[in-house]
Amino acid sequence: MRIKNKNKDTEVTKDTKDRPWAGPSTRRRQRTRRRGRGPFTSLSCAPFVSFVPFASFVAAALMFSGCRQDMHDQPKYVPLRESTFFTDLRSARPLVEGTVARGHLHDDPLLYVGKVNGQDATVFPFRVDAAVMARGRERFDIFCAPCHGRTGQGDGMVVLRGYRRPPSIHQDRLRDAPVGHFFDVITSGFGAMPDYAAQIRAEDRWAIIAYVRALQLSGHATLDEVPVAERDKIR
């Protein structure tokens with residue numbers, strides 16, 4: 001049963017009149033609709049509710065309209081794919097004759113190959129000074145000492161743990177070997193020694209060789225070959 005109050009501000013619905021077992025709050029429910037009180041009371045939220053799905057639909061449409069497949073289905077060739085555009089049907093084009101990658105020209109055979117007229121070089125490609133020696137010692141301790149030892153005797157830490165012992169750099173065969181031989185060994189490897197062309201750049205290989213020559217000299221030097229000002233330090 002629906003009852004309207006005299007002030008017509010409240011609608012009261014008594015839908016549980018015939019249920020005495022229900023509590024007061026259940027027996028009488030009030031639905032109040034305020035009219036004419038407040039600046040927004042005359043507006044209904046129904047238009048807003050109906051607008052939400054429409055706005056969501058528009059946003060989704062705009063979003064998916066920007067998802068193009070240009071990057072997914074882009075016009076490209078994967079390696080070895082055939083191409084009908086070129087007469088030889090190859091998509092990969094050969095390099096222009098004389099093309100050299102930047103930094104890989106290597107037009108100095110002494111510096112990059114260690115050869116002079118096809119023979120192992122007996123000279124260095126640049127002047128050996130204190131800076132070169134310091135660089136050579138640093139690189140030697142990093143790449144060579146683990147096997148060859150700090151003094152070049154072939155007693156490095158890796159050898160002490162079972163790796164094949166390299167020859168001592170102080171033996172006559174290596175003392176008499178030209179510097180180009182050492183460059184070729186570092187670049188291409190020799191015996192159980194792997195190559196270090198990828199790990200050590202050419203200039204550093206020569207710096208290591210200069211330090212190796214210093215170790216060889218120090219291992220067989222006499223007191224007369226030591227400068228007078230330095231003799232007191234080794235006595």
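Open to solvent by less than 60 Å² (accessible area, probe 1.4 Å) and out of contact with any Ser or Thr (no Cβ under 9 Å at 6 or more places or on another chain), is that true of Val179? Criteria not met by Val179.
On inspection, Thr122 passes the criterion of being surrounded by fewer than 16 Cβ atoms within 10 Å (Cβ to Cβ) and touching a strand residue (DSSP E or B) at 6+ places or on another chain (Cβ under 9 Å). Residues that are acidic (Asp, Glu) and touching a strand residue (DSSP E or B) at 6+ places or on another chain (Cβ under 8 Å) within segment 72-94 comprise just one, Glu82.
Scanning segment 149-201 for residues that are part of a loop (DSSP other than H, G, I, E, B) and charged (D, E, K, R) yields Arg150, Asp155, Arg161, Arg164, Arg165, Asp176, Asp195, Arg201. Can we say Asp232 is acidic (Asp, Glu) and open to solvent by 80 Å² or more (accessible area, probe 1.4 Å)? Taking the combined requirement at face value, the residue satisfies it. For segment 112-123, a residue qualifies if it is modelled with pLDDT of 95 or more, out of contact with any helix residue (DSSP H, G or I) (no Cβ under 6 Å at 6 or more places or on another chain) and not β-branched (Val, Ile, Thr), and exactly one does: Gln119. Cβ-Cβ contacts under 6 Å between residues 6 or more apart (or on different chains), taken from a first residue in segment 142-165 that is in contact (Cβ under 8 Å) with a residue 40 or more places away in the chain to a second residue that is part of a helix (DSSP H, G or I) and surrounded by fewer than 17 Cβ atoms within 10 Å (Cβ to Cβ), are listed as Cys147/Val158. Restricting attention to segment 125-145, the residues that are part of a helix (DSSP H, G or I) and surrounded by fewer than 14 Cβ atoms within 10 Å (Cβ to Cβ) add up to 5. Number of residues in segment 75-111 that are within 30 Å of Val179 (Cα to Cα) and surrounded by 10 or more Cβ atoms within 10 Å (Cβ to Cβ): the value is 6.
One residue alone among Ser218, Ser188, Ser168 is at pLDDT 95 or above, small (Gly, Ala, Ser), more than 17 Å from Thr122 (Cβ to Cβ) and open to solvent by 60 Å² or more (accessible area, probe 1.4 Å), and that residue is Ser188.
The values are calculated or read from the model by the stated rules, or taken from the named source; none is laboratory data. Just so it is clear, the model here is predicted, and its values are computed rather than measured. Here Cβ is always computed from backbone atoms with ideal geometry, including for glycine, and neighbour counts include all displayed protein chains. Keep in mind that these areas ignore ligands, DNA and RNA; they rest on the heavy atoms of the full protein, side chains included. Shrake-Rupley method; radii C 1.70, N 1.55, O 1.52, S 1.80 Å.
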